[in-house]
1. Set the bar at 22 Å for Cα to Cα. Now go through Lys147/Lys346; Lys76/Lys123; Lys208/Lys281; Lys147/Lys263 and name every pair that lies beyond it.
2. On the full set of protein chains, 1.4 Å probe, figure out the accessible area of Glu244 and give it in Å² to the nearest 10.
3. Sum up the charges of everything whose Cβ sits under 12 Å from the Cβ of Leu160, counting Lys and Arg as +1 and Asp and Glu as -1, but leave Leu160 out.
4. Leaving ligands, DNA and RNA out of it, work out the accessible area of Arg240 with a 1.4 Å probe and give it in Å² to the nearest 10.
Amino acid sequence: MKQEKIGQYKVKESIFPIKIFIYSYVTLLLLSGVHFGIILFFQRMRINDIFLVHFVLIYWAAVAGITVMMFKKQAKKYYDDPIKEIAKQTVKVANGDFSVYVPPLHTADKLNYVDVMIISFNKMVEELGSIETLKTDFFANVSHEIKTPIAVIQNAAELLKTNSLSMKEKQDTIQTIIYTAKKLNQLITNILKINKLEKQNIVPSIEKYDLCEQLCSCILNFETQWEAKNIEIDADIEDRCYIESDRDLLEIVWNNLLSNAIKFSETNGKIYISQKRIADKVEIVIEDEGCGMDEETLHHIFEKFYQGDTSHATEGNGLGLALTLRCLQMMNGCIRAESYKGKGSKFTVQLPIENQRKEAGI
């Protein structure tokens, strides 16, 4: 049986293989032979020709009827019923039910085009269900993340209306409002960024620039934070390394990774930053000696709003690594995370040195 490949599936080249045509041809020859046999029989028995004609017509009418019924049965089984079932389930999907499933007609080694259509339909429904779940979770998380700082600002504002606060308490309350408002602004900014990145409303601006200079600049931007915690920065970076990429998108990546490394490092800790070329790629490693992550947290860190370490939840909104991943995907880059509880975390980023828009799928 000849097969051809559609995507990852091997399917029958035709729903009617050559042996079916051979069987049909032989069967028609046998039926024709029976026809001539009937004529010879009637001639030998000297039966009226009119009766012979009518008998032959009835014979072929019966053959045609049986043939049509057989084809109808096969068409109903392998085409009409599956298509009707898909149509029914499509209506359910259109109404928001993503739990539907249509069983394929054949096993994996005997697939035909209808089977591939059914399998693809099931996969599409499964993906739509996942997207709907993610969308629901996203809006629930956004609502929760926005509601919390608004409640803090409202409570602080209500407190300021009273005359029972000392000057120091008033200043502390005002600082709380300012800090929370900044955090809310950062949250909304990140939501807008990740929304634009996922919808590809941001068109990468590919330019050739010095990655090493950018890394050093980003590290120095966090000088106040790592000095406040007396963190030692051990950087092994080349003097120059020119890449073709989007400078602004990659700045988001380095800022998020450095911010997390500092945030999760203990006082008097150490952060290792290295950069090296590997063939046509450049590899950047940012490693800390902080609290680390367990296996469950490591599995979810690139999901939106996921925060494994709740002790630092007030310092972020769980969007940083989701943004980082999306930025790298748009630049044909990749990121790998390694971590052990209590032993720190290590993030390895790989980027192509030469990067074209068409390669990035834009």
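The values are calculated or read from the model by the stated rules, or taken from the named source; none is laboratory data. Predicted, not measured: the structure shown is a model, and the values here were computed from it. With ideal geometry, Cβ positions are generated from the backbone for all residues, glycine too; neighbour counts draw on all protein chains shown. The accessibility values were calculated without ligands, DNA or RNA, using every heavy atom of the protein model including side chains. Shrake-Rupley method; radii C 1.70, N 1.55, O 1.52, S 1.80 Å.
1. Lys147/Lys346; Lys76/Lys123; Lys147/Lys263
2. Roughly 50 Å² of Glu244 is accessible to a 1.4 Å probe.
3. In short, -1.
4. Counting only protein heavy atoms, the figure is 140 Å².
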